[in-house]
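Read through the structure below, which is laid out as structure tokens, and then see the notes.
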Amino acid sequence: FILMLSLTLGTMITITSNHWVTAWAGLEINTLAVIPLISKSHHPRAIEAATKYFLTQATASALMLFSSMTNAWSSGQWDITQLTNPPSCLLLTAAIAIKLGLTPFHFWFPEVLQGSSLTTALLLSTAMKFPPTTILLLTSHSLNPTLLSTMAIMSIALGGWMGLNQTQTRKILAFSSISHLGWMTIIITYNPKLTLLTFYLYSLMTTSIFLSMNSTNTLKLSTLMTSWTKAPMLNTTLMLTLLSLAGLPPLTGFLPKWLIIQELTKQEMTTTATTISMLSLLGLFFYLRLTYCSTITLPPNSSNKMKQWSIKKPVNTLTPTL
Amino acid sequence: MSLIHLSFYSAFTLSSLGLAFHRTHLISALLCLESIILSIYIGLSLWPVQNQATSFTLLPVLILAFSACEAGTGLAILVASTRTHGSDHLHNLNLLQC
């Protein structure tokens, strides 16, 4: 499947680049390969999602190229790890924030995830976030920590708040993605390895959630309520994975949060650590609502979507236990 | 040389403002995107001329190739949205409200 190959190619090009133009080229290849994937179903919502995705990602790529150009004019070299011009750093931070979906540039993300199919949404929220995070990691020593922390705290806050009123599961997962990106960004200037750890664990958990939802085809909360009849084992593991995403202690999702808070207190940023812990309680509410709907209660609900599932689930019952 | 630099910055800023404030048609957004890439291209083409280093002349060509692909994708998306939504007015793109 050629689009998957081009996605892998683009990601590899960006990750292994030390010149700005190769990084930009890899990101462009990724964008171009993912647009047909989003708009494959020719539904009006899918086309609209593709439009919004294309516009945002294209502006972000152009901004990144411009920031690298001004940096090259002022310092004479195109190395990624040596960003010396302060306006270039600012523009680059803004460009990567647009690409990742950090606040205040997050507005495209829930709508794009809502308009794409579940597997494409999975791809968008895990694999497409990886190259911009690697660029952030490579340049993290020269970026402005105050700006990054402000954007991260706002992301966690907004991801929690705006996810409270949602009934569509893809939008809920979009907001959870935004708040997890906030957690990843807040530690990037102090300890970039924790950012990578958070990213890996987050993509693992999100993959298992998306694939579980794909097997039972739950696009709304009401469908989630009747999913226990179709695959009871999948439902219990879905509950555990959701709680792990929320960050509850005995599950794996607690580990990155714990390490991040520890690192923040070592850097004398205890108010930041308290603020983000409080704000992730908002996310906990809608994760708990999802688990409540899926596993804890078994009510007789009116919308009974008995749809056949595809046989992907046996692989997935093991991943949430990681 | 800072007059030339100033003209590129202003070209880029004007185009990005045009992209941010497009009001009725999607085509204007695509046009502004193209002008952004064009200003970056012309700016980059001056780099080997100023430094007298001919090994950097490949860069604008690469950028042009990728941006042409992207412009084509943008136009294809424009056509697709006109097929499904009826026109390219931006206030028609409201199927995915929060």
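Scanning the stretch B:58-72 for residues being among the β-branched types (Val, Ile, Thr), facing chain A (nearest Cβ under 8 Å) and surrounded by fewer than 19 Cβ atoms within 10 Å (Cβ to Cβ) gives a total of 0. Going through (1) surrounded by fewer than 22 Cβ atoms within 10 Å (Cβ to Cβ); (2) more than 17 Å from residue A:207 (Cα to Cα); (3) more than 14 Å from chain B (Cβ to nearest Cβ) one by one, residue A:136 falls short only on (1). Of all the criteria given as (1) touching a residue at least 12 places away in the same chain (Cβ under 8 Å); (2) in a helix (DSSP H, G or I), the one not satisfied by residue A:200 is (1). In the stretch A:77-84, is there at least one residue being buried (at least 20 other Cβ atoms within 10 Å of the Cβ) and either assigned by the TED database to the domain that holds residue A:180 or at pLDDT 85 or above (or both)? Looking for residues that are buried (at least 20 other Cβ atoms within 10 Å of the Cβ) and either assigned by the TED database to the domain that holds residue A:180 or at pLDDT 85 or above (or both), one finds none in the stretch A:77-84, hence no.
Pairs are defined by a Cβ separation below 7 Å, a sequence spacing of at least 6 or placement on different chains, a first member in the stretch B:80-98 that is more than 17 Å from residue A:54 (Cβ to Cβ), and a second member that is modelled with pLDDT under 80 and buried (at least 16 other Cβ atoms within 10 Å of the Cβ); the pairs so defined are B:86/B:92. If I filter the stretch A:143-160 down to residues being crowded, with 18+ Cβ neighbours inside 10 Å and hydroxyl-bearing (Ser, Thr, Tyr), which single residue comes out as farthest from residue A:18 (Cα to Cα)? Among them, the one singled out is A:155. State yes or no: is residue A:218 in a helix (DSSP H, G or I) and of a type in the set (Ser, Thr, Tyr)? So residue A:218 fails the test.
Out of the residues in the stretch B:18-49 that are of a type in the set (S, T, N, Q) and more than 9 Å from every other protein chain (Cβ to nearest Cβ), state the one that is surrounded by the fewest Cβ atoms within 10 Å (Cβ to Cβ). Ranking the qualifying residues of the stretch B:18-49, first place goes to B:24.
Selection of the stretch B:53-98 for residues being of a type in the set (D, E, K, R) and within 30 Å of residue A:76 (Cβ to Cβ) yields only B:70.
The values are calculated or read from the model by the stated rules, or taken from the named source; none is laboratory data. Model, not experiment: these values are computed from the prediction. All Cβ positions, glycine included, derive from the backbone under ideal geometry; neighbour counts span all protein chains shown.
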